[in-house]
1. For the range 46-78, how many residues are assigned to a helix (DSSP H, G or I) and in contact (Cβ under 8 Å) with a residue 60 or more places away in the chain?
2. Filter the range 14-28 down to the residues that are touching a residue at least 24 places away in the same chain (Cβ under 8 Å) and within 17 Å of Lys74 (Cβ to Cβ), then identify the one that is surrounded by the fewest Cβ atoms within 10 Å (Cβ to Cβ).
3. If you go through the range 2-22 one residue at a time, how many are closer than 15 Å to Val56 by Cα and part of a helix (DSSP H, G or I)?
4. I'm checking my understanding of the structure. Among residues of the range 79-130 that are assigned to a loop (DSSP other than H, G, I, E, B) and aliphatic (A, V, I, L, M), which one is modelled with the highest pLDDT?
5. Can you tell me which residue among Ile32, Ile38 is outside any helix (DSSP H, G or I), out of contact with any Lys or Arg (no Cβ under 7 Å at 6 or more places or on another chain), surrounded by 14 or more Cβ atoms within 10 Å (Cβ to Cβ) and free of Cβ contacts under 8 Å to residues at least 40 places away in the same chain?
Amino acid sequence: MKLSAKTEYACIAMLELARRYERGEPVRIRDIADEHGIPSRFLVQILLQLKGAGYVASTRGAAGGYQLVKSPAKISLGEVMSVIEGKEEGHTATSAGKSPTARVLATIWRDIAAREQAMLRAIDFAELAEKAKQTADEMYYI
């Protein structure tokens with residue numbers, strides 16, 4: 001699976017918002033950008049796209065920022081990726097329909113794409129936030 005930088009940054013931003021969801025406070029773009037090395041101008045555009053899709057809300061002012069509109073458990077990785085990448089069409093075979101062999105492969109490519117999408121829709125941001133917390137808890141410093 002190939003991911004664009006935009007999609008990866010969107011998922012990182014959503015995960016950061018999910019990690020801080022319980023606090024109920026907006027997260028500043030600068031905090032996410034600095035922590036993950038994401039250009040803040042690019043992150044602004046990504047968050048505006050996610051806001052337009054109804055996943056995040058923004059708050060203006062000194063204490064402003066972005067926060068999730070609904071529980072991270074109700075937002076899947078696949079949903080966010082679809083917002084950024086558009087609807088997944090799957091693999092498009094250039095030789096589909098030309099021979100029985102090519103048609104078999106085209107069918108397999110579609111099946112793989114469908115399974116991939118099902119897996120992405122099964123992973124929610126609450127689950128990812130918990131994994132991120134566990135990973136952070138496992139880190140130690142010398």
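The values are calculated or read from the model by the stated rules, or taken from the named source; none is laboratory data. In this text the structure is predicted, and so the values were computed from the model without any measurement. In this analysis, Cβ positions are derived from the backbone assuming ideal geometry, glycine residues included, and neighbour counts consider all displayed protein chains.
1. Of the residues in the range 46-78, the ones assigned to a helix (DSSP H, G or I) are 46-52, 72-74, 77-78.
From the residues that got through so far, the ones that are in contact (Cβ under 8 Å) with a residue 60 or more places away in the chain too are 77.
Of the residues in the range 46-78, 1 are assigned to a helix (DSSP H, G or I) and in contact (Cβ under 8 Å) with a residue 60 or more places away in the chain.
2. Going residue by residue through the range 14-28, those that are touching a residue at least 24 places away in the same chain (Cβ under 8 Å) are 14-15, 17-21, 24-28.
Among the residues that remain, those that are also within 17 Å of Lys74 (Cβ to Cβ) are: 14-15, 17-21, 24.
On the way: Met14: 29, Leu15: 20, Leu17: 25, Ala18: 23, Arg19: 19, Arg20: 20, Tyr21: 20, Gly24: 7.
By that ranking, first place goes to Gly24.
3. To start, the set of residues in the range 2-22 that are closer than 15 Å to Val56 by Cα comprises 9-22.
Filter once more, keeping what is part of a helix (DSSP H, G or I): 9-19, 21-22.
Going through the range 2-22 one residue at a time, the tally reaches 13.
4. The first filter runs over the range 79-130 and keeps only residues assigned to a loop (DSSP other than H, G, I, E, B), leaving 86-99, 123.
After this cut, where a residue has to be aliphatic (A, V, I, L, M) as well, the list is 93, 96, 123.
Numbers: Ala93: 61, Ala96: 56, Ile123: 96.
So the residue we want is Ile123.
5. Values: Ile32 fails: outside any helix (DSSP H, G or I).
Every option except Ile38 fails the conditions.
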